[in-house]
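First comes the structure, then the notes that go with it.
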Amino acid sequence: MPTDVSTFSSDDIEEVEARLCEQYGSVDIGSADGSLREERTSTDRFSLTRGKYSGSFTATTEAPALSAMVAHGHHHWSTGGELGDSQDTPLLVRPGVDIRASWGATDFVVFTYDIPALERSARMLYGDDRLTVRFASGLPADRARGRYFHDLLASTVTYAPLLRDSELLQTSLHRMMAAALLECFAPSADPARRSDSVCSQQEGYRRARAFIDEHASEPITVDDIAAAASLSVRQLDDAVRSFSSGGVDAAAELRRARLDGAHRDLIRGDPTRGDTVGAIALRWGFAPSNFARAYRTTHGASPRQTLNR
């Protein structure tokens, strides 16, 4: 998956205004000075932008893309008759829907979705090949799901520096953010729902487990496993919960397989040859900052202890 990283940083108010106009259309700068710093990581299925703005401005625009945003600082918005503050509630910016925002000193994170890729994930998730993804609201379905999505999106900044070096991490992040969006912001159309017999669930689980065992080291997602097992993602989760040890869902089953693969690499690794915990973590799609805790929970020792034994 091609990855591009671009940055913008300026304390020149004219450069900042030009950049904001390019992104937001109609902009009214409310301060004589200000600064903007952004870093954007782009793939063919999503882009992740983290940035910091100081100063103040208001913007009115018709959104060109589907994006989710959280902010810490001053960021008030109105769209489609709804009002919000991105510090407390994530904002879903919908294509073609006018939005007016008031900015002050703000740290922000924006995840922009490729709609065809999101739609493929939605159809696989719900087992509905005709599903078209549209959202009637820029607000989450309820407060609890809004808080979950807010915290999840804010945490993606830890992944940004690692995405260029790990295609597996890219695919995992895309799948996680697509599923979170579809669960936290209600689509306009209700998806269809299919059911399976116990026998077909068992056979589906067998196909899924074989696919995981063969491809866990590759940048596959739960959607790929479901396709290989000829199930929707919901059917796959039901099958995995029914027949896996521990009753986990498909994402946890894949994660466990990757932790096992990392465990094997750590045992075979040799620090004198340059093997490191960080490199092995990335190879198996884990951010190094999260890997040690997950590994210790599963294998009862730190990855460094396993590598150095």
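Can you go through A101, A59, A68 and tell me which one is small (G, A, S) and either touching a Lys or Arg at 6+ places or on another chain (Cβ under 6 Å) or closer than 25 Å to R175 by Cα (or both)?
None of the others qualify; the one that does is A68.
If I filter the stretch 239-269 down to residues being among the hydroxyl-bearing types (S, T, Y) and free of Cβ contacts under 8 Å to residues at least 40 places away in the same chain, which single residue comes out as farthest from R209 (Cα to Cα)?
Among those residues, the one meeting the criterion is S245.
Which of (1) in contact with a Leu (Cβ under 8 Å, 6 or more places away or on another chain); (2) assigned to a helix (DSSP H, G or I); (3) crowded, with 19+ Cβ neighbours inside 10 Å; (4) hydrophobic (A, V, I, L, M, F, W, C) does F286 not meet, given it meets every other one?
Among (1) in contact with a Leu (Cβ under 8 Å, 6 or more places away or on another chain); (2) assigned to a helix (DSSP H, G or I); (3) crowded, with 19+ Cβ neighbours inside 10 Å; (4) hydrophobic (A, V, I, L, M, F, W, C), F286 violates only (2).
Condition check: more than 18 Å from R100 (Cα to Cα), of a type outside the set (D, E) and surrounded by fewer than 17 Cβ atoms within 10 Å (Cβ to Cβ). Does S54 satisfy that? Full working, then the answer.
Values: more than 18 Å from R100 (Cα to Cα): yes; of a type outside the set (D, E): yes; surrounded by fewer than 17 Cβ atoms within 10 Å (Cβ to Cβ): no.
So S54 fails the test.
Which of the residues belonging to the stretch 240-254 are modelled with pLDDT under 90 and closer than 13 Å to R207 by Cβ?
F243
Checking V110 against (1) more than 23 Å from P95 (Cα to Cα); (2) buried (at least 20 other Cβ atoms within 10 Å of the Cβ); (3) β-branched (V, I, T); (4) touching a Ser or Thr at 6+ places or on another chain (Cβ under 7 Å): exactly one of these is not met. Which one?
(1)
For the stretch 53-92, what are the residues that are among the aliphatic types (A, V, I, L, M) and in contact with a strand residue (DSSP E or B) (Cβ under 6 Å, 6 or more places away or on another chain)?
If the condition is that a residue be among the aliphatic types (A, V, I, L, M) and in contact with a strand residue (DSSP E or B) (Cβ under 6 Å, 6 or more places away or on another chain), then A59, A63, A65, L66, A68, M69, V70, A71, L91, L92 are the ones that fit.
In the stretch 164-211, which residues are under 21 Å from the mean Cα position of the chain (by Cα), over 25 Å from R130 (Cα atoms) and either at pLDDT 90 or above or of a type outside the set (K, R) (or both)?
D165, S166, E167, L168, L169, Q170
Pairs, please: C-beta under 8 Å, at least 6 apart or cross-chain, first residue over 14 Å from D260 (Cβ atoms) and in the same structural domain as V277 (by TED's automatic domain parsing) and in the stretch 288-306, second of a type in the set (K, R) and outside any loop (DSSP other than H, G, I, E, B)?
Correct list of pairs: A292/R304; S302/R296.
Please enumerate the residues belonging to the stretch 22-46 that are surrounded by 19 or more Cβ atoms within 10 Å (Cβ to Cβ) and touching a residue at least 60 places away in the same chain (Cβ under 8 Å).
Across the stretch 22-46, the qualifying residues are T41, T43, R45, F46.
If we scan the stretch 33-45, do we find a residue that is among the acidic types (D, E), farther than 24 Å from R175 by Cα and in a loop (DSSP other than H, G, I, E, B)?
Yes, there is a match, as at least one residue in the stretch 33-45 is among the acidic types (D, E), farther than 24 Å from R175 by Cα and in a loop (DSSP other than H, G, I, E, B).
The values are calculated or read from the model by the stated rules, or taken from the named source; none is laboratory data. In this text the structure is predicted, and so the values were computed from the model without any measurement. Note that we place each Cβ from the backbone using ideal geometry, even for glycine, and neighbour counts take in every protein chain shown.
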